[in-house]
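Comments concern the structure below.
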Amino acid sequence: MRFLDVLAICAAAGCHASPAPGADRPTCANVAAHVETLLPEGEDHGAHRHEVRAVLAARCTEDRWASDVLACMLDERDLHAGHHCQDQLTAEQRSAFTRDVAAIDAPLVPPKLAAHDLMPAECEAYGDAIKAAMTCDKIPIEAREALTAAFERFSATWPGLPPETRKQLAVACQAGADAVRQTITVCGSP
């Protein structure tokens, strides 16, 4: 869910007007620091917060995000304010940001499940295929986000499943992995 929270901060359509002439222009560093404050706190989130801050600052600077986008992000007060600032980025900027955040985000398969080997290997392969899809710029960002959201909803049900039902997951996960692999062939991935 961390990935989606980060995207929620930066998501939106038509945000705010440009700063008044002469007003201080927002900087990538200021926006990154502000976004970091909106992310979950705590011992297990600290490193993730810093990584997101670094990625946001780097993408913003490198991709030259518009000052209107920066102003929109600085105006965010919580993760789900709905300003849709990310929609103001170009498709290339949004794709690069999404790809880089996905690369640092926690594994899609819940760690405690993978660590205890409770899920079939096909489900790990499904998660790996989703991760590969997130790095493919040839697939529209909306489609990549939908794939990730569907997998997260699907995998969220796994912890409560009885052992006999988990075995049946192999078939569903294999089908999901095959479908995603077929989709990412446009990226040159097997």
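Read-outs throughout are calculated quantities, based only on the coordinates presented, and are distinct from any laboratory measurement. Keep in mind that this is a model prediction, so the values were computed, not measured. Quick reminder, even Gly has a Cβ in these numbers, built from the backbone with ideal geometry, and neighbours come from all protein chains shown.
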Can you sort Lys167, Lys131 by how many other beta carbons sit within 10 Å, fewest first? Lys167, Lys131
Counting other beta carbons within 10 Å of each Cβ, put Glu142, Glu76 in order, fewest first. Glu142, Glu76
Quick calc: nm separation of the 7 Å Cα→Cβ label points for His84 and Asp137 -> 2.5 nm
Contour minus Cα-Cα span, Leu161 to Ala175, at 0.36 nm per residue, comes to 3.1 nm
